[in-house]
1. Per residue of the chain, what 222 nm ellipticity follows from adding -39500 (n - 2.57) for every DSSP H run with n ≥ 4, rounded to the nearest 500?
2. Can you sort 276, 366 by 1.4 Å-probe accessible area, starting with the largest?
3. Give, in nm to one decimal, the length gained when the segment between residue 368 and residue 433 is fully stretched (0.36 nm per residue of separation minus the Cα-Cα distance).
4. Given the Cα-Cα distance of residue 168 and residue 114 and 0.36 nm per residue of separation, how much length would full extension add, in nm?
5. If you take the square roots of the eigenvalues of the alpha-carbon gyration tensor of the stretch 73-171 and sort them as a ≥ b ≥ c, do you get rounded (a/c under 1.5), prolate (a/b over b/c) or oblate?
6. Where q = 0.19, 0.20 Å⁻¹, what log10 of I(q)/I(0) comes from the Debye formula for the stretch 102-144, counting one point per Cα?
7. Is the stretch 259-314 best put as rounded, prolate or oblate by its Cα gyration tensor, with a ≥ b ≥ c the root eigenvalues, rounded for a/c under 1.5, and otherwise prolate when a/b is larger than b/c, oblate when not?
8. Along Cα→Cβ, 7 Å out, is where each label goes; now give me the distance between the ones at residue 23 and residue 380 in nm to one decimal.
Amino acid sequence: MTGVADFEPPNISPPTRPLSILQSLRAARHNVLEIIPDVAYRQPIVSGRMIVRFHMVQDPAALRRVFLDNVDNYPKSEVMVRMLRPAVGDSLFTSEGDAWRWQRRAVAPVFAQRNVSALAPMMTATAERAAERLRQSGGRAELLGEMLSATFDVICEVALSGREHFDAETYSRAILRYFETAGKASLLDFLQVPDWIPRPEALLSLGAVGTMHRMVAQAIAARRRQASGGADDLLDYMLNAEDPVTGRRMSSTDLLHNMQFFIVAGHETTALALSWSLLLLALHPKHQNRVRKEARAVLGDRAATAEDLEAMPYLKQVIDEAMRLYPPVGMLARNVREIDILCGRRILPGDVLFLPIYALHRHHLWWEHPNRFDPGRFALKAVRSRDRYLHLPFGAGPRVCVGANFAMMQAQIILATLVARFRFDPVRGPMPVPTMSMTLRPDTGMRLAVRPLRRARR
Ligand code: HEM
C-alpha cells in the first residue's frame with residue numbers, strides 16, 4: 001500500500017519504446033509528453049532518427065553547454081519559432097543574432113526588479129479581485145480558468161493600464177483560438193519540411209492573430225496619442241526602451257510584436273504555475289497548512305504586496321517545486337550549427353536537439369523520488385548545493401526568461417493571498433493529466449473545492 005509520503009501527484013506513463021513516426025505525429029498533436037520515452041528519465045542523452053537525427057538532452061553539464069558555454073552553436077529551433085512567429089513576428093523571443101541582441105539589451109532594463117516592484121500594486125489589486133471571485137464561487141471552482149483570468153487581469157493592467165482601449169473578452173477568445181490551432185506543433189515542422197508547404201494550423205489561426213494584433217496596436221496608438229506623458233506601466237517602459245549600446249528604439253512593429261508576446265506568453269505560463277501549485281497543495285494538506293500559516297502570519301487579512309514576499313520563503317519553495325513537477329514550458333528545442341560533443345556523443349549540423357525540461361525535472365539520476373512533491377528541495381541550502389542546470393523552468397544563459405522576476409512576483413502575490421484566505425481540497429473524480437502542446441496544461445482543467453476561512457487574527 002502507498003502511504004501519504006509515497007504519494008505521487010498526476011503524471012503520465014512514458015512509452016517504454018520509441019514511437020513510430022505515425023505515433024509521434026499523433027502524440028505531437030495530442031500530448032507532446034508522450035513523445036518522451038521512459039529511458040529519457042533515466043539516461044543523460046537519448047538519440048534517434050525521425051527522418052532527421054535528434055537528441056533528447058537531460059544532463060546538466062550538457063545543458064550548460066547548450067544554454068551558455070556554446071550558446072551560439074544552438075539557435076532556437078525553427079519548429080518552436082514557427083509556431084509563434086505568426087503572432088509575435090521577430091520579437092525578442094523569436095529572433096536570433098543581432099536582431100535578438102539589441103532587443104534583449106533594450107528590454108532587460110524594462111524588467112529590472114525596480115520596475116517590476118513598481119508594478120506590484122496592480123498585482124495585489126488583481127489578487128484581491130481573484131479572491132473575491134473565489135469567495136462567490138459557491139464552494140467549487142475551476143482554478144485554471146480563474147488563474148488565467150487573474151494573470152490576464154494583471155497583464156492588461158500592467159501592460160496597457162486597464163482595459164478601456166481593450167476588450168479583454170474578445171482578446172482572450174482570440175488567444176484561445178490561436179493556441180488551439182497554431183499553438184499545436186506540426187510534425188511537418190519537426191521534420192523540417194520546407195516552408196512553402198502550407199501548415200493547416202497556421203492558416204486556421206490567421207483570424208485570431210489579426211484580432212489580437214489589431215487590439216494591441218490600438219492600445220499602443222492610444223497611448224502614443226496621450227498628451228500628458230504616460231501611465232507608468234509596462235507599455236510606457238517599452239515606449240522608452242532603448243538599446244544602451246546603439247541607442248536604437250523600438251519601431252511600432254517591434255513594440256506590437258513584443259507586447260503581444262508578453263500578453264500571450266506571460267499570462268498563460270504564470271497561470272499554469274499557479275494552477276499546478278494549487279493542485280499540489282490541495283493534494284498535500286500538510287504543506288498547504290504550512291504555507292498558509294506562513295502567509296497568515298505575515299498578511300493577516302490583507303492581500304500580499306511585494307514587500308511581504310521575503311518573509312514567505314516557503315511559499316516560493318512551493319512554486320519552485322510545482323514548476324519542477326509541472327514546468328509551464330516543458331520542452332525546448334534547438335538547431336545545431338556546427339559539430340559538437342554532448343555527453344560524449346557527436347552532435348552534427350542539421351541534427352535537432354530536444355531539451356525536455358519535464359524529463360530533466362523528473363530524472364531518476366538527479367532527483368530522489370523524482371515524482372513526489374517536496375518543497376523542501378528548494379530550501380536555500382539544498383538549492384545552493386545543487387547544479388543550477390537541474391531546475392530550468394525559465395531556461396538559462398543569455399536567453400533566460402526576461403520576465404522571470406515579473407512572473408515570480410505575480411505568482412507569489414496571488415498564491416499567498418489565496419492560501420491565506422481559502423482552503424483548497426481535491427474533488428471526487430479523475431485527476432487532471434499534464435498535457436503539453438506549447439505549454440503544460442491540465443487536460444481537464446483544475447476543479448477544486450474552495451472553502452473560505454475565518455479571518456486571520458494577528
Ligand atoms: C511562470 C511563467 C513563465 C515561464 C515558466 C517562462 C518560461 C520561459 C522560458 C523557458 C524561456 C526560454 C525559452 C528558450 O530558451 O527557448 C522564456 C523566455 C522568455 N520569456 Fe518567459 N516564462 C514565464 C513568464 C514570462 C513573462 C511573464 C514574460 C513577460 C511578460 C516572459 C517573457 C519572455 C521572453 C520575452 C522570453 C525570451 C527571452 C530571450 O530570448 O531573450 N516570460 N520564458
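1. Values: 16 runs with 215 residues, N = 458.
Estimated from H runs of four or more residues: -15000 deg cm²/dmol.
2. Values: 276 0, 366 70 Å².
Output order, biggest surface exposure first: 366, 276.
3. On the way: separation 65, 0.36 × 65 = 23.40 nm, distance 2.22 nm.
Extra length available between residue 368 and residue 433 comes to 21.2 nm.
4. Working: separation 54, 0.36 × 54 = 19.44 nm, distance 2.75 nm.
This chain segment gains 16.7 nm when fully extended.
5. Working: a/c = 2.50, a/b = 1.76, b/c = 1.42.
Cα axes put the stretch 73-171 in the prolate bin.
6. Listed by q, the Debye log ratios stand at -0.68, -0.70.
7. Values: a/c = 3.18, a/b = 1.46, b/c = 2.17.
Here the stretch 259-314 falls in the oblate category.
8. So the label points at residue 23 and residue 380 sit 4.8 nm apart.
The values are calculated or read from the model by the stated rules, or taken from the named source; none is laboratory data. None of the values given here were measured: they were computed from a predicted structure. FYI the Cβ positions are ideal-geometry reconstructions off the backbone, even for glycines, and counts take in every protein chain you see. Note: areas computed on protein heavy atoms with side chains; ligands, DNA, RNA excluded. Shrake-Rupley method; radii C 1.70, N 1.55, O 1.52, S 1.80 Å.
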